[in-house]
Ligand SMILES: *[C@@H]1O[C@H](CO)[C@@H](O)[C@H](O)[C@H]1NC(C)=O
Ligand SMILES: *[C@@H]1O[C@H](CO)[C@@H](O)[C@H](O)[C@H]1NC(C)=O
């Protein structure tokens with residue numbers, strides 16, 4: 001038997017490899033290079049894009065090796081890799097990597113960013129959830145509890161006999177959503193079709209709202225009632241508004257949850273630019289994301305009752321809507337955006353601001369000046385001016401002359417011969 005020694009050798013070799021892998025712990029994390037782009041096609045990949053010099057990346061490395069090992073041990077189809085994003089920067093930027101470390105799950109054309117805590121369990125949970133099937137069976141009470149703990153909002157279909165003892169269902173099959181520390185059963189008559197119900201119920205009753213969430217909330221068609229506060233300010237005005245909204249979200253859910261989403265927003269920068277207004281915080285604002293209208297309370301909200309009154313006024317149309325998506329608002333938006341761009345450039349870098357906005361103004365005024373004075377004593381002024389020019393000005397003048405020259409040429413090519421001559425004559429007259 002000739003094959004036997006070869007087989008044993010291979011066994012030994014494998015044993016050595018395994019021993020090595022276990023020792024280093026890095027064996028199940030593939031080091032990726034340019035070829036990754038071609039080779040990844042059919043697989044699902046969990047990739048850590050790192051930079052060799054970055055401290056957070058170094059901290060992640062042992063965790064990442066554990067993730068690789070555990071994913072392999074679990075028999076997960078997800079492959080784990082890491083890529084030096086500084087060496088393969090073009091690939092990294094193709095995947096939208098901007099900071100380090102960036103963790104992404106790549107599945108066909110889709111790339112999912114991981115933004116959670118950088119611990120083994122959280123990362124693995126993310127990978128399994130995103131890579132796995134959209135619907136997973138929950139065969140036991142234990143499994144259900146495990147999954148429920150990890151999801152703030154969980155939709156469950158209950159078919160035959162349910163092992164969920166503490167859930168009372170009027171009939172089977174049923175669909176439920178578990179969130180906000182309780183559960184709600186889908187009712188076809190009251191809630192309309194299932195997919196739009198899921199769309200409306202996929203957020204917790206009360207949220208920390210940021211720009212991205214607000215954009216997502218737009219899909220639900222609900223009005224968004226938010227306390228705009230400073231999260232770091234522990235004074236009573238700020239915390240009170242937040243708890244009022246929380247209370248309304250919880251205690252008046254049955255009344256308002258079909259039409260309203262509740263939450264708070266930290267800081268007023270985002271909301272100001274959205275509303276093109278200057279809200280002083282803390283305040284409460286209700287947004288209609290469907291038509292970009294918003295409502296501000298006409299007096300201080302001191303209690304839950306005030307807030308409920310305010311919401312009822314919005315619902316019965318007595319509260320005055322502001323903003324909207326009409327033509328006037330769109331014009332206002334253009335002006336507002338231009339203004340805030342200029343302001344933010346000046347704020348972040350006054351010098352750049354002067355350069356960007358001052359330079360064209362300067363060039364234009366020099367040109368105007370030139371045109372206005374050209375017919376009279378232009379020559380004298382121009383000569384004197386040229387002597388005093390600083391280096392900068394000379395440069396810009398040259399630039400503008402060149403541009404003018406180019407412009408002239410461009411115009412000439414568009415003119416017919418006769419017109420060209422006429423222009424020539426006029427030009428000579430000027431000279
Ligand atoms: C907290 O908010 C109050 C009321 O808006 C304000 O007067 C106070 O200056 C704020 N405190 C800090 C530390 O920002
Ligand atoms: C919100 O906007 C939609 C779309 O324009 C409109 O139908 C709805 O009545 C608005 N809701 C309120 C409370 O103004």
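Any read-out appearing in this document is the output of simple, stated calculations on the displayed coordinates, not a laboratory observation. In this text the structure is predicted, and so the values were computed from the model without any measurement. Counting neighbours? That spans all protein chains shown, and the Cβs are built from the backbone with ideal geometry, glycine included.
When 175, 185, 228 are ordered from fewest to most other Cβ atoms inside 10 Å of their Cβ, what list results? Before the final figure, lay out each step's value.
Working: 175 18, 185 15, 228 22.
Lowest to highest Cβ neighbour count: 185, 175, 228.
Counting only C-alpha contacts under 8 Å and six or more residues apart, can you give the relative contact order of segment 45-172 as a whole percent?
Details: 123 pairs, mean separation 33.1, N = 128.
Rounded, it is 26 percent for segment 45-172.
Whole angstrom only: what separates the Cα centroid of segment 294-358 from the Cα centroid of segment 107-134?
Centre-to-centre distance over Cα atoms comes out at 36 Å.
Cα-based Rg of segment 141-200 per 2.2 N^0.38 Å, rounded to two decimals? Walk me through the intermediate numbers first.
Working: Rg = 11.6 Å, N = 60, 2.2 N^0.38 = 10.4 Å.
So the Cα radius of gyration is 1.11 times the expected 2.2 N^0.38 Å.
Where a ≥ b ≥ c are the square roots of the eigenvalues of the C-alpha gyration tensor, would you call segment 320-359 rounded, which needs a/c under 1.5, or, failing that, prolate if a/b is larger than b/c, or oblate?
prolate
Counting DSSP beta bridges with both partners in segment 19-131, what percentage is antiparallel, nearest 5?
50 percent
Once both labels are modelled 7 Å past Cα along the beta-carbon direction, what's the residue 125-residue 168 spacing in nm?
3.1 nm
What is the spin-label model distance, in nm, from residue 349 to residue 37 if the labels are put 7 Å beyond Cα along the C-beta direction?
Using points 7 Å along Cα→Cβ, the separation is 2.9 nm.
Only counting other Cβ atoms within 10 Å, I'd like 367, 276, 307, 176 sorted with the fewest neighbours first.
Numbers: 367 13, 276 16, 307 24, 176 19.
Lowest count first: 367, 276, 176, 307.
When only Cα pairs under 8 Å and 6 or more residues apart are kept, what is the percent relative contact order across segment 247-306? Write out the running numbers ahead of the final one.
Numbers: 27 pairs, mean separation 13.8, N = 60.
23 percent.
Do you know the relative contact order of segment 141-200, to the nearest whole percent, from alpha carbon pairs under 8 angstrom that are 6+ apart? Don't skip to the end; give the middle numbers.
Details: 54 pairs, mean separation 16.3, N = 60.
Relative contact order for segment 141-200 comes out at 27 percent.
How would you rank 64, 53, going from fewest to most other Cβ atoms within 10 Å of each one's own Cβ?
Least to most surrounded, the residues fall as 53, 64.
With 5 Å bins from zero, work out the P(r) of segment 206-327 over every alpha carbon pair and list the percent per bin.
2, 11, 24, 27, 23, 11, 2, 0, 0
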